[in-house]
Amino acid sequence: MRYLLLNIGLALTWAALTGDFGPANLLLGFGLGYAVLWFAQRVIGPTTYFSKVPKLLEFALFFLWELLLSNVRVAVDALTPRHDMQPRVLAIPLDACTTTEITLLANFISLTPGTLSLDVASDRCVLYVHAMYAADAEAARRSIKDLERRLLDVMRRAESQR
C-alpha cells in the first residue's frame, strides 16, 4: 500500500511539474513513477507491489475483454429474432475464502451481462450463479473459475515473497 501511495504521489508530482493533470499525463506519470520505484526498490525495501501491478493490469484487460464479449452476445441475442439463451443455475465451488474475495468475485460476475451471482452457501464453499448462456455447464463453470483464479492472483500475496 505504501508503494501505491508513493507511485500516486510521483504521478501527481509529474503532473504538477508538467502543468497537465489530464488522464493521459497522469497515466504517464504513474508509469514513470512505477519505473522510478522499481529502480529504487533496493534502497526502499522488498515488496510485492512490482508483481501486483502487472497482474492487476492483466486482470483489468481480461475483464474488459470478457465484458465486451458478453455485451456483444447479449446485444446480438436481443436484436435478433432467434434467441440462443439456455439459462441455468450453476454451483461454482470456491477457492476464494475471505469475505472480500467472495464479494469481489460475485460483483465481477454480476457486472458481466448474462450472468448474475445469486447466493453463497452458508459454509462459503459454493457460489450459485445464474448464467443466460450455459448450454455447456462445464464450460461456463471453467470460465467463472478462470475469472476467480485471475482475481485471486491479484488479491493474494505472491507466494515467493511471503
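The values are calculated or read from the model by the stated rules, or taken from the named source; none is laboratory data. None of these values were measured; they are calculated from a predicted model. Because the Cβ atoms are built from the backbone with ideal geometry, glycine has one as well, and the counts that use them run over all protein chains shown.
The figures follow:
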| quantity | calculated |
| --- | --- |
| Looking only at region 81-123, and only at residues there that are of a type in the set (D, E, K, R) and in contact with a Leu (Cβ under 7 Å, 6 or more places away or on another chain), the one that is farthest from residue 139 (Cα to Cα) | 101 |
| Checking residue 74 against (1) surrounded by 11 or more Cβ atoms within 10 Å (Cβ to Cβ); (2) more than 20 Å from the chain's Cα centre (by Cα); (3) not assigned by TED's automatic domain parsing to the domain that holds residue 123, the condition it does not meet | (3) |
| Pairs with Cβ under 6 Å, 6+ apart, first in region 90-102 and assigned by TED's automatic domain parsing to the domain that holds residue 122, second surrounded by 18 or more Cβ atoms within 10 Å (Cβ to Cβ) and assigned to a loop (DSSP other than H, G, I, E, B) | 102/96 |
| Output for region 6-36, where each listed residue is at pLDDT 90 or above and under 21 Å from residue 156 (Cα atoms) | 34 |
| Residues being out of contact with any Asp or Glu (no Cβ under 7 Å at 6 or more places or on another chain) and free of Cβ contacts under 8 Å to residues at least 60 places away in the same chain - total across region 48-80 | 21 |
| Residue in region 92-104 that is touching an Asp or Glu at 6+ places or on another chain (Cβ under 9 Å), among the charged types (D, E, K, R) and closer than 28 Å to residue 27 by Cβ present | yes |
| Any pair with Cβ under 7 angstrom, 6 or more apart, that starts in region 29-45 at a residue that is at negative phi and ends at one that is of a type in the set (S, T, N, Q) | 30/7; 33/7; 34/7; 37/7; 41/47 |
| Complete set of residues in region 91-112 that are buried (at least 19 other Cβ atoms within 10 Å of the Cβ) and under 18 Å from residue 70 (Cα atoms) | 105, 106, 108, 109, 112 |
| Residue match in region 50-71 (condition: more than 30 Å from residue 7 (Cα to Cα) and exposed (fewer than 12 other Cβ atoms within 10 Å of the Cβ)) | no |
| Residues within region 96-146 that are β-branched (Val, Ile, Thr) and part of a loop (DSSP other than H, G, I, E, B), tallied | 2 |
| Inter-residue pairs, beta-carbon under 8 Å, first closer than 15 Å to residue 98 by Cβ and in region 110-128, second at pLDDT below 90, 6+ apart | 124/97 |
